[in-house]
Amino acid sequence: MIDNLPKPIALYIAAENSGDGNLFDQCFAEDAVVRDEDQTIEGLAAIKKWKAETKEKYQHTIEPLAATQKDDQIIVTNRLTGNFPGSPIELEFVFTLDHDKIASLEIQS
């Protein structure tokens, strides 16, 4: 685990790995937007539903490998391991924060 991740990103990773959807309330803004696999998920309620479905389907974990900041974005390279073809894979998670919450997340291969 990377020690210096901003709190909302560290909480996001903890929520992903534990499957505790309630932690998403602490890390995402109410009007947050997520882009993943050619879909856009808007709003905290929709993000929580999508994450629950994704966790059930793929039973994945995330291991952060590196983090960099570029302008107002924090790019975290993660190793995802789970029940999907090609596991494990490395993906970049591009976060934009607004104060102490994730305003947007784009998952890139």
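Couple of notes before you dig in:
- Single residue of 78, 83 found to be assigned to a strand (DSSP E or B) and at pLDDT 95 or above: 78
- Residue 97 vs. criteria open to solvent by 30 Å² or more (accessible area, probe 1.4 Å), in contact with a helix residue (DSSP H, G or I) (Cβ under 8 Å, 6 or more places away or on another chain), in a strand (DSSP E or B) and modelled with pLDDT of 95 or more: yes
- Matching residues, segment 82-94, being touching a Ser or Thr at 6+ places or on another chain (Cβ under 6 Å) and open to solvent by less than 60 Å² (accessible area, probe 1.4 Å): 87, 91
- The listed residue being in contact with a Phe, Trp or Tyr (Cβ under 6 Å, 6 or more places away or on another chain) and under 23 Å from residue 90 (Cβ atoms), out of 62, 41: 41
- Residues of segment 77-102 that are of a type in the set (Val, Ile, Thr) and touching an Asp or Glu at 6+ places or on another chain (Cβ under 7 Å): 77, 94, 96.
- Spans of helices (runs of 4 or more DSSP H) in segment 1-67 with at least 3 residues farther than 14 Å from residue 81 by Cα, open to solvent by less than 50 Å² (accessible area, probe 1.4 Å) and not acidic (Asp, Glu): 7-18, 44-58
The values are calculated or read from the model by the stated rules, or taken from the named source; none is laboratory data. Bear in mind the structure is a predicted one, so any value in this text is a computation, not a measurement. No Cβ is skipped: glycine too gets one built from the backbone with ideal geometry, and neighbour counts run over all protein chains shown. Quick note on the areas: whole protein, heavy atoms, side chains included, nothing else; ligands and nucleic acids left out. Shrake-Rupley method; radii C 1.70, N 1.55, O 1.52, S 1.80 Å.
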